[in-house]
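Rule-based calculations on the coordinates, nothing more; no lab input. None of the values given here were measured: they were computed from a predicted structure. Virtual Cβ from ideal backbone geometry, glycine too; neighbours counted across all protein chains shown.
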């Protein structure tokens, strides 16, 4: 069994911010999969479904980013998912906008959500990283991650979210190593998939 976690902050004031892209990607996975409804539980919005006959639990923590570890830890313990099968989707300052990378494990890199999750379940959990880039000169990191997308970013955002959703599905269907081989490549568009390939979408 897998558990897929999208990181973000609750409430309409945060819904369009870069820090909430984990929510956007997981909601895209759910929309494409169909039939999965989220309900309040364990301090988050939780639902269950199947991806290619494999059971998957989905979670959007509603505890604010820096307290993500409590709902993630409580839910993973309740459903019996080991940390290596807790897939976390999050924004990443160290990747250019829209770049998608799959990662086996590692440190939090200053990300408060990952830091709190590591406190509860350790660092040995896979991730799908969605690049939001570094802030321009004169803009703080906090203002950047909690800021809205620019018009230029919005022009490509839907396509990049589709690509990140495809990376999530690839991990669930084919495993992390194969997904890393597919998505962890350089391409002229920076979208995280080879220029010769079309990003997968859910059937």
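The table for this structure:
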read-out	value
Estimated FRET transfer efficiency when R0 is 25 angstrom, pair residue 82-residue 108 (beta carbons, to 0.05)	0.80
Share antiparallel - DSSP beta bridges, segment 45-190, percent rounded to 5	70 percent
Segment 1-79 - share of DSSP beta bridges that are antiparallel (%, nearest 5)	75 percent
Segment residue 141-residue 181, length gained on full extension (0.36 nm per residue, minus Cα span)	11.4 nm
Residue 74-residue 173 FRET efficiency (beta carbon distance; Förster radius 25 Å; 0.05 resolution)	0.40
Most mobile listed residue (39, 115, 123) in the chain, GNM with C-alpha springs under 10 Å	39
Chain lengthening between residue 64 and residue 148 when straightened (0.36 nm per residue, less Cα-Cα)	28.5 nm
Value of relative contact order over the chain, rounded to a whole percent, pairs C-alpha under 8 Å and six or more apart	24 percent
GNM flexibility winner over the chain from 63, 76, 54 (Cα, springs under 10 Å)	54
Gained length - residue 52 relative to residue 119, 0.36 nm times residue gap less alpha-carbon distance	21.0 nm
Segment 56-70 and segment 89-139: distance between their alpha carbon centers, rounded to Å	15 Å
Packing-based exposure ordering (other Cβ within 10 Å, fewest first) of 59, 102	102, 59
